Amino acid sequence: MKWEGNRESDNVEDRRSGGGSGGGGGGGLGALLSGRIGVGTIVIALLGSWLLGINPLTILGLLSGEGGAPAHVQQAPAQRPPADDQMAKFVSTVLADTEDVWAAVFAKGGATYQQPKLVLFRGATPTACGQGQSAMGPFYCPADRKVYIDLGFYQTLQKQLGAPGDFAQAYVIAHEVGHHVQNLIGVSAKVEQARSRMSEKEYNAMSVRVELQADCLAGVWAHHADNARQLLEQGDVEEAMNAAAKIGDDALQRGGGHAVVPESFTHGTSAQRQKWFALGLKNGSVKGCDTFSGRV
């Protein structure tokens, strides 16, 4: 992936010097269910954290909060990452690229793209959705419109999930930014409003569609970024497709030594995740990412 020397985002907050703790929002299972949307939450399933007898795969797709004004959270002053931090530089560069792509896409549709913040943290950090924890992996909080990531997740992605490569890492960020796009265009709010009328099985099925759309939107970013800046190198697409396969619900359940239970899926199968990322990458169309109509 050709990223060195490209623009870095000004929207990265570095909280890693805080020692991995913070007040506000509470922790535990309540925080886990408080509205984060994240590809990285599969780590919970992978590591077998079966809290209180609840299948963690039912947690993965839970959304909360609507697309209103960001909530106020007590936190330490934001800092920029050190200039010599290569991984932080990579994340900042990928975020900047998503900003450029989505600004252009929104402008073409007559709208203004509102950039999200990306927070680097270690261990735990307060968010408007409750206490964020590293074990959850990267996640997006719609209430404060921020993406949160402990960079240690990339070691998990490579060593435990078997998904190495810089473009696989970029895919993770692009997926979370895809959730931000969903928040801006009203998808998150509509899903949350419908949640109270759904059974758990129905809501899991809806969560699959939400996650697959975020995968597709990650593909849309990659399409436009490559067209504009020739971002992709040989093997990059394969890295992203491999990552999508490794975090499919069926793959995670098998990898955890459990039977595959489609009714519990919240992110989609490996094949579905690959399909929708590839579709966004091929067409570069937000309208083409309609996972809510017909079969997925």
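Applying the set (1) under 23 Å from F265 (Cβ atoms); (2) in contact with a Pro (Cβ under 6 Å, 6 or more places away or on another chain); (3) of a type in the set (A, V, I, L, M) to I149 leaves exactly one unmet item: (1). Has the stretch 147-157 got at least one residue that is in contact with a His (Cβ under 9 Å, 6 or more places away or on another chain) and without any contact (Cβ under 8 Å) to a residue 60 or more places away in the chain? Yes; the residues of the stretch 147-157 include at least one that is in contact with a His (Cβ under 9 Å, 6 or more places away or on another chain) and without any contact (Cβ under 8 Å) to a residue 60 or more places away in the chain. The condition of being part of a helix (DSSP H, G or I) and under 27 Å from L232 (Cα atoms) holds for only one of L118, L95, that being L95. State yes or no: is Y154 part of a loop (DSSP other than H, G, I, E, B), of a type in the set (F, W, Y) and out of contact with any Asp or Glu (no Cβ under 6 Å at 6 or more places or on another chain)? Criteria not met by Y154. Considering the conditions (1) touching a residue at least 60 places away in the same chain (Cβ under 8 Å); (2) of a type outside the set (S, T, N, Q); (3) under 15 Å from N183 (Cα atoms), D97 is excluded by exactly one of them, (3).
Yes/no matrix, rows are residues, columns are (1) among the acidic types (D, E); (2) free of Cβ contacts under 8 Å to residues at least 24 places away in the same chain; (3) surrounded by fewer than 20 Cβ atoms within 10 Å (Cβ to Cβ):
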{"position": "E192", "(1), (2), (3)": "yes, no, yes"}
{"position": "R195", "(1), (2), (3)": "no, no, yes"}
{"position": "M198", "(1), (2), (3)": "no, yes, yes"}
{"position": "D215", "(1), (2), (3)": "yes, no, no"}
{"position": "V220", "(1), (2), (3)": "no, no, no"}
{"position": "A228", "(1), (2), (3)": "no, no, yes"}
{"position": "G235", "(1), (2), (3)": "no, no, yes"}
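Quickly run through the stretch 276-296 and pick out the residues that are in contact (Cβ under 8 Å) with a residue 12 or more places away in the chain and in a helix (DSSP H, G or I). Answer for the stretch 276-296, where residues must be in contact (Cβ under 8 Å) with a residue 12 or more places away in the chain and in a helix (DSSP H, G or I): W276, F277, A278, L279, G280, L281, K282, N283, G288, C289. Restrict the check to the stretch 201-212 and report whether at least one residue is modelled with pLDDT under 85 and of a type outside the set (A, V, I, L, M). Scanning the stretch 201-212 turns up no residue that is modelled with pLDDT under 85 and of a type outside the set (A, V, I, L, M). Among residues that are touching an Asp or Glu at 6+ places or on another chain (Cβ under 9 Å) and either free of Cβ contacts under 8 Å to residues at least 12 places away in the same chain or farther than 25 Å from S92 by Cβ (or both), A271 is included.
Screening A240 on (1) touching a residue at least 40 places away in the same chain (Cβ under 8 Å); (2) more than 20 Å from I149 (Cα to Cα); (3) more than 13 Å from the chain's Cα centre (by Cα) shows it passes everything except condition (2).
The values are calculated or read from the model by the stated rules, or taken from the named source; none is laboratory data. Fair warning: this is a prediction, and the values are worked out from it, not measured in the lab. Backbone-built Cβ (ideal geometry, glycine too); neighbour counts: all protein chains shown.
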